[in-house]
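Following: one structure in structure tokens, then a few remarks.
The values are calculated or read from the model by the stated rules, or taken from the named source; none is laboratory data. Given the structure is predicted, the values throughout are model-derived calculations rather than measurements. Here the Cβ is made from the backbone with ideal geometry for all residues, glycine too, and neighbour counts use every protein chain on show. All accessible areas refer to the heavy atoms of the entire protein, side chains included, with ligands and DNA or RNA removed. Shrake-Rupley method; radii C 1.70, N 1.55, O 1.52, S 1.80 Å.
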Amino acid sequence: MDVESEGSSALRLIKQGAEARIYAADFLGRPTIVKERFKKKFRHNVLDDKLRHKRTMQEVRSMHRCRKAGIATPTVFFIDSNDYKIYMEEVQNSITVRDYINSLKEDKESNLRKLAKIIGTILASMHNIQVIHGDLTTSNMLLKKTNDIEIADLVLIDFGLSSISSLAEDKGVDLYVLERAFLSTHPNTEDAFKVILDTYKTFKGSSEALKKLDEVRLRGRKRTMVG
Amino acid sequence: MVTAIGFEGSANKLGIGIIRDGKVLSNVRHTYITPPGQGFQPRDTAKHHRDHILSVLRKALDNADVTPDEIDCVCYTKGPGMGAPLVAVAIVARTVAQLWNKPIVAVNHCIAHIEMGRLVTGADNPTVLYVSGGNTQVIAYLMNRYRIFGETIDIAVGNCLDRFARVLKLSNDPSPGYNIEQMAKRGKKFIELPYTVKGMDVSFSGILSYIEDIAQKKLDGGECTPEDLCFSLQETLFAMLVEITERAMAHCGSNEVLIVGGVGCNERLQQMMREMVEERGATLCATDERYCIDNGAMIAQAGWEMFSSGQVTPFNETWCTQRYRTDEVLVTWRDG
């Protein structure tokens, strides 16, 4: 289907992420983000096709599954499976959690705590429906507003590396990926990250994932051994 | 003018190099090469280092035309690496430091690769992909630390290649990875292998078990050639590495990439990385064996930076460690 002739405007490139180009567009009158997994020249054709197909499909599936469970993700309008494009709702006036944390000045501690509790709650409910995000970073979380933030204001995006799994191992690795990304992007926020885990801990079934997290941490290469 | 001598022996390469204010005066290396199908064992590697270190040292001083009193600091690899070879080399570094009465500086091997890469290429603040037989990390500098954004969660990429070379009984001369690279150039058929990227982390052990498992069957059944297997393995592993490097670049907003470590010599990896950066409008720093293959000059260069910023290692702390993370080192020689 040629979407552009069906009432959507031309695509305007906003940014080139690691694996996709992000365009702004208008889809049947709605402000839309188009995520295109374009061909990567450096990859072998067969591998490239397989990855783009798998990730596009998995992204849409996981977003849908999260929405059903009440976790905010952009609404998917349309999928172009020939060009691996996902047309989804534009979360308007949003900023990434990464930019939000970097912008915090006054009440940094209390705002961080509040944010950390929200992140912990959302991760717990996501893992509760067996969605493993696969690429949790503060760039992959959006905030709809910056004052008096609530759970519904945090939107998860970028589910390209996601999978469905009930294994504590996968959940532990998911938390580990976030921990590494969080602490390397935002130095000196160990306390806030602890709040994320403490909040996560209050949910049912979280203890096994946290136990795995401890194991995965020790697996890290060339860690200094204590004791 | 500060002149530093560096001692390296964390794996199968023994190297001693001398650096004076960014200029390499000498860089001598002796590599321990094992028969096909065999890796290098710590004990034998340490013996190799002990057997050759004095002649390598003599040659390093002669090539540089430097006498011991012209040297300002003695630098050695504290880790990470194999225990016995590290210790064998550190003993000599400690001995000459005392004989010559010079301060000693303990250097992190990974940081030495990065500092040498920055010196040779002039790159200011690159995203670094460090790929070797023992390490696979994506590193960027932030607030006085080289922070690890992504890394392997099990074995290193070079280890994966080396071990597969053993399965095919490829020669270890000059290096197993080089011989895989030459084989891969003749490969045609792409065999699908597992592809494991978790965020900015990668995992290789599953790919190795899988290819080890199918290799004999496929070769016996005439389904593919050893060349095809090398080709497919490289294509898969390197696609993963380029992908996590690109993720880190996008995440940090960086537009320079530096590849360091032995696997960085692989031309196919360089080509894939170049295609990725060109498409992003970024640049790839040139590759050079002075910072890719382990050597003494890179240890001297990192030690030179540390020494010039006032760091000296107290003698009773001049030990070695097999585990020494890149992000443990406080970087005192760069701006926050």
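Some notes on this structure:
- Less than 5 angstrom separates the built amide H of B:PHE204 from those of B:ILE153, B:ASP154, B:ILE155, all sequence-distant by 5 or more or on a different chain.
- Restriction of the GluC sites (Glu not before Pro) in segment B:195-267 to DSSP coil positions whose beta-carbon has at most 13 other beta-carbons within 10 angstrom yields B:GLU223.
- Here the contact order of chain B, divided by its residue count and restricted to Cα pairs under 8 Å and six or more residues apart, works out to 27 percent.
- Partner lysines whose Cα lies under 16 Å from the Cα of B:LYS78, excluding those fewer than 8 positions away in the same chain, are identified as A:LYS222, B:LYS13.
- Whole-Hz Karplus values for segment B:210-217 come out as 4, 6, 4, 5, 8, 3, 4, 4 Hz, taken residue by residue from phi with 6.51 cos²θ - 1.76 cosθ + 1.60 and θ = phi - 60°; glycine and proline positions read x.
- Across the accessible surface of chain B, with the other protein chains kept in place and a 1.4 Å probe, carbon and sulfur atoms take up 48 percent.
- Charge dipole (chain A, unit charges on Cβ, about Cα centre) - positive-most of A:LEU115, A:ILE14, A:VAL173: A:VAL173
- Here the dipole of the protein assembly as shown is about 840 debye; that uses its Cα centre as origin and unit charges on the Cβ of Lys and Arg (positive) and Asp and Glu (negative).
- For segment A:110-138, residues shielded by at least 30 square angstrom of accessible area compared with the chain on its own, probe 1.4 Å: A:ASP135
- Selection from A:GLY160, B:ALA248, B:HIS48 lying farthest towards where the dipole of the protein assembly as shown points positive, charges on Cβ: B:HIS48
- Burial annotation for segment B:260-283: residues with an accessible-area loss of at least 20 Å² between the isolated chain and the complete set of protein chains, computed on heavy atoms with a 1.4 Å probe, are B:MET272, B:GLU275, B:GLU279, B:ARG280.
- For chain A, the solvent-accessible area of protein heavy atoms averages 48 Å² per residue (probe radius 1.4 Å; ligands and nucleic acids excluded).
- Helix B:42-64 and the long axis of chain B differ in direction by around 60°, with both axes built from C-alpha atoms.
- Simple point charges give the picture: +1 on the Cβ of Lys and Arg, -1 on the Cβ of Asp and Glu, and for segment A:80-183 a dipole about the Cα centre of about 340 debye.
- Based on protein heavy atoms only, segment B:125-289 ends up with 34 Å² per residue of surface accessible to a 1.4 Å probe.
- With bins 20 Å wide beginning at 0, the percent of Cα pairs of chain B falling in each bin runs 33, 56, 11, 0.
- J(HN,Hα) series, segment B:9-19, from Karplus relation 6.51 cos²θ - 1.76 cosθ + 1.60, nearest Hz, glycine and proline x: x, 7, 9, 8, 9, 9, x, 9, x, 10, 10
- Normalising by residue count, the protein assembly as shown has a Cα convex hull of 160 Å³ per residue.
- Taking the centroid of alpha carbons for each part, segment B:269-326 and segment A:16-76 are 36 Å apart.
- Here A:LYS54 is the anchor, and the aspartates and glutamates within straight C-alpha reach of less than 16 Å, apart from those fewer than 8 places off in the same chain, are A:GLU19, A:GLU36, A:ASP80, A:ASP83, A:ASP135, A:ASP158, B:GLU192, B:GLU243.
- For the pair B and A, the buried accessible area comes to roughly 3500 Å² in total, with a 1.4 Å probe and the value rounded to the nearest 100.
- Degrees separating the helix A:190-201 axis from the principal Cα axis of chain A, which is the longest one: 80 degrees
- Assuming charge only on the beta carbon of Lys and Arg (+1) and of Asp and Glu (-1), the dipole of chain A about its Cα centre is about 740 debye to the nearest 20.
- More than 30 angstrom apart: percent of Cα pairs within chain A: 28 percent
- Long-range amide H partners of B:VAL105 with built H, under 5 Å: B:VAL74, B:CYS75, B:TYR76, B:THR313
- Here the Karplus curve 6.51 cos²θ - 1.76 cosθ + 1.60, taken at θ = phi - 60°, turns the phi angles of segment B:104-116 into couplings of 10, 10, 8, 10, 7, 4, 5, 5, 4, 4, 5, 5, 5 Hz, with x standing for Gly and Pro.
- Among the listed pairs A:LYS15/A:LYS144; A:LYS194/B:LYS198; B:LYS47/B:LYS102; A:LYS50/B:LYS218; A:LYS15/A:LYS41, those beyond 24 Å (Cα-Cα): B:LYS47/B:LYS102
- Of B:ILE207, B:THR225, B:GLY264, farthest towards positive along the dipole that unit charges on Lys, Arg, Asp, Glu beta carbons give segment B:125-289: B:ILE207
- C-alpha long axis of helix B:296-308 to longest principal axis of chain B, angle in °: 50 degrees
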